[in-house]
Amino acid sequence: MNDTSNVITLGGIRKVFQADEVETHALSDVHLDVRLGEYVSISGPSGCGKSTLLSILGLLDTADAGSYVLSGHDVAGMNAAERARIRNAEIGFIFQAFNLIGDLSVQENVELPLTYRSGIGAAERRERVQEALERVGMAHRMRHYPAQLSGGQQQRVAVARALVGKPAILLADEPTGNLDSRNGEAVMALLDELHKGGATICMVTHDSRYAELAQRKIRMFDGRVVDEETFDRLRREDEQRIDALIGQRVEVDA
Ligand SMILES: Nc1ncnc2c1ncn2[C@@H]1O[C@H](COP(=O)(O)OP(=O)(O)O)[C@@H](O)[C@H]1O
Ligand SMILES: [Mg+2]
């Protein structure tokens, strides 16, 4: 049960959103293991629950049911303060919209996760920031502000911020979503390089070309993890339904 080579052991996860009168089953009985050093992609159509799952994995949100062990910590029963501490120590998050703080320099943005930790002095913080920025090729932009950087450069800084605390796992939610294809490919190459350097990565994308680049592919459909065959079948059925709807509309319009 207690497999120490797993960074993530997730079982029976459910999440229901209640908005007005509508209940959305965003996640239904999701199981997922991620082993140390693995690079996993999670892909599936828009609305299938990818971001919800990643928010739960990243301790930004909690599940309604299920078990979650992260780096040996049973996080399912933790209170908000404990979760925040574990999140800061174990998780590096990369967002679609970069989420850098505009008033802070590149150096200050990357240093931020370390300032919430005790026992790391100013000299060590500076050294770790330098090291993280060198890994992403952005050390020469230390004193710049986010607005002075291209989207691709901002995402590399955001990757440095995710790395600086030496987290157990990097979680990336559509990291290429706000980038053109050249910069998107550069960010994917960076993730690949980090994986080869030993990082454990879980990346969410709706783009199956990027999903293919990971070491292990996980497919989601309608709040569930499904195998490749089921995924292809459900997606075909979905396309036929949409084609039929468009066909009806055309008849009405004509
Ligand atoms: N805060 C929320 N309140 C209500 N419904 C939500 C909320 N967040 C997500 N959902 C719904 O849950 C489902 C899964 O959303 P999400 O995880 O964002 O999908 P994905 O990232 O795969 O596009 C969608 O139907 C979405 O509308
Ligand atoms: Mg999403």
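No value in this document is a laboratory result; all are computed from the given coordinates. As the structure is a prediction and not an experimental result, all values here were calculated from the model. Virtual Cβ from ideal backbone geometry, glycine too; neighbours counted across all protein chains shown.
Listed values, structure above:
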item: Test: residue in segment 32-55 that is at positive phi and more than 18 Å from the chain's Cα centre (by Cα); result: no
item: Conditions (1) in a helix (DSSP H, G or I); (2) within 30 Å of Leu234 (Cβ to Cβ); (3) hydrophobic (A, V, I, L, M, F, W, C); number of the one not met by Ala89; result: (2)
item: Residues of segment 41-82 that turn out to be aliphatic (A, V, I, L, M) and within 16 Å of ligand 2 (Cβ to nearest atom), as a count; result: 6
item: Pairs with Cβ under 9 Å, 6+ apart, first in segment 167-183 and on the phi > 0 side of the Ramachandran plot, second outside any loop (DSSP other than H, G, I, E, B) and β-branched (Val, Ile, Thr); result: Glu174/Val204; Glu174/Thr205
item: The listed residue being of a type in the set (Lys, Arg) and over 22 Å from the mean Cα position of the chain (by Cα), out of Arg135, Arg126; result: Arg126
item: Filter result for the condition that a residue is part of a loop (DSSP other than H, G, I, E, B), of a type outside the set (Val, Ile, Thr) and surrounded by fewer than 16 Cβ atoms within 10 Å (Cβ to Cβ), over Leu100, Leu104; result: Leu104
item: One residue from Val204, Val225 being β-branched (Val, Ile, Thr), touching a His at 6+ places or on another chain (Cβ under 7 Å) and either closer than 22 Å to Gly102 by Cα or within 16 Å of ligand 1 (Cβ to nearest atom) (or both); result: Val225
item: Residue tally, condition under 26 Å from Gln18 (Cβ atoms), free of Cβ contacts under 8 Å to residues at least 40 places away in the same chain and in contact with an Asp or Glu (Cβ under 9 Å, 6 or more places away or on another chain), over segment 63-87; result: 1
